[in-house]
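Written below as structure tokens is the structure these notes are about.
The values are calculated or read from the model by the stated rules, or taken from the named source; none is laboratory data. For clarity, every value in this text was computed on a predicted model and none was experimentally measured. Glycine also receives a Cβ, built like all others from the backbone with ideal geometry; neighbour counts cover every protein chain displayed.
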Amino acid sequence: MTEVQLPLDFGHCPALSEGDFLVAPCNEAAWAWLERWPNWPTPALAVYGPAGSGKTHLAHIFAQTSAAVFVDVAAMGVEDPPRLLEAAPVLILEDCDRVQLNEVALFHLVNLARETGRTLLLTGRLAPSAWPIVLADLRSRLNAMTAIGIGAPDDAILAAVLVKLFADRQIRIAEDVILYLLGRMERSFAAALGLVDRLDRAALSGGRAVTVPLARAILDRGER
């Protein structure tokens, strides 16, 4: 009987420092805008892009340079904006279009930030104009907000992302594996995240390295 090693989910720690961020044509506009802080034309900036495009990484870099504090936008109530802005002059609110948020609370936060000279960084998968907002006053504020998109990756950045994702899991990956994946995988950051996770788990369970044959087996099973 062949012994099978069960993959234990210890998790992995993605590298979120400035030196680990890969600046490329698809994200250089967002990078440049965050570097312009505090010289933004509006008190709030929105960065949007698909899953796995680097929004959280950019937010952490921005937090390091601006001393910003992350806010759980889903838990924010109407009484919270004054307290939040008093405690920190710069706030980061992630995944604003992916959670059930209190629209009145966010409206008050945006208004108060403008009145007090505070700064907000908001992220989402869609541009703020496409967020499912019912409150007309909040929609007006979001439409007036500077919004910078992160685009789809080209081959160079997708290859670099794959290398980084494997490195985050302490996996040294051969160039032939990267080239094989690039020629067959879905062209998105989210697909890269999922594929690296599946390859890592398959390698652990089989007690083997991540190789072209393993990648072929995973992709041939339709696990893209």
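Tabulated data
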read-out	value
3 or more residues outside the structural domain of Val99 (by TED's automatic domain parsing): qualifying helices (runs of 4 or more DSSP H) within the range 134-209	155-168, 175-182, 189-206
Flag if Ile133 is modelled with pLDDT of 95 or more, touching a Lys or Arg at 6+ places or on another chain (Cβ under 7 Å) and surrounded by 17 or more Cβ atoms within 10 Å (Cβ to Cβ)	yes
Sole residue being surrounded by 15 or more Cβ atoms within 10 Å (Cβ to Cβ) and either over 24 Å from the mean Cα position of the chain (by Cα) or polar (S, T, N, Q) (or both), chosen from Ala174, Ala202, Ala191	Ala202
